[in-house]
Amino acid sequence: MRKNASLKKCEWRLGEESREERRFSAAPSGLICAGFSPESVGFYIDIAGEKMKRALYCIAILALLFVSAPMLLGQDPPPGVGAAPQTAPTYTPKFRGDPAHSDSEAAALAYMRVVIRAENQFNKQYNHYALNLNELVHSGTFTKRMVDPNRGDYTVSYKGKKEGYVLTMTPKTLDATHRSFYSEEDGKIHADETKPADADSPVVR
């Protein structure tokens, strides 16, 4: 008797299928046999669909925030997310035949040229070279401020004696665009990108 009653409960009358019943025809048969009406099943299907839409919407919002938050906060995005390839800036020569590989090198070489010219003038005037950089002040265009050995990305080292001198420029980071430089009383500037430059290093052209 119970089985017959359940079958009757799941049975639909032909010719009386409403719009709700047509929508209900796509629902799982288990829901029908459990005693749900077409209207109630359709309602629950709509609710489930709305919840799914809201879940997908929340996931999309979270993904957007994950990508854009570092940019809004002024921070770098996570590796691989919105990252653009970085290239080293190209150096623009300051004059024809400029041997510098970067602005830092250009400044270091310009400093050395000023010292070399000041040394030549000092030696011509006093018949010997300066024992230290302080003695070069007002020789040529060498100023008191240039006595400071900290020259941006480079550090100056000077060893003088009456017969000659050794002037070196050592970069904070040694690489192809921050070479080390070396010069003596002959006025030639030597450069090296792998080690501290010396008299045997290639001459800067």
Per-residue HN-Hα couplings for segment 139-152 [Karplus 6.51, -1.76, 1.60; θ = phi - 60°; Hz; x = Gly/Pro]
8, x, 9, 6, 10, 4, 5, 7, 5, 4, x, 8, 10, x
Once you charge only the Cβ atoms, +1 for Lys and Arg and -1 for Asp and Glu, what is the size of the charge dipole of segment 78-205 about its Cα centre, to the nearest 20 debye?
380 debye
Table column - 3J(HN,Hα) (Hz), segment 165-170, Karplus curve with 6.51, -1.76, 1.60, x for Gly and Pro
7, 10, 10, 10, 10, 10
Say the cut-off is 19 Å between C-alpha atoms; which of Lys94/Lys195; Lys94/Lys172; Lys124/Lys162; Lys94/Lys124 go over it?
Lys94/Lys195; Lys94/Lys172; Lys94/Lys124
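Give me Tyr126, Tyr154 ranked fewest to most by other Cβ atoms within 10 Å of their Cβ, as a rough exposure proxy.
Tyr126, Tyr154
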Could you give me the radius of gyration and the Dmax of segment 103-192, taking only the C-alpha atoms into account and expressing both in angstrom?
12.5, 39
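Read-outs throughout are calculated quantities, based only on the coordinates presented, and are distinct from any laboratory measurement. Please read all numbers here as calculations on a predicted model, not as lab measurements. When we count neighbours, we look across all protein chains shown, and the Cβ atoms used for this are built from the backbone with ideal geometry, even at glycine.
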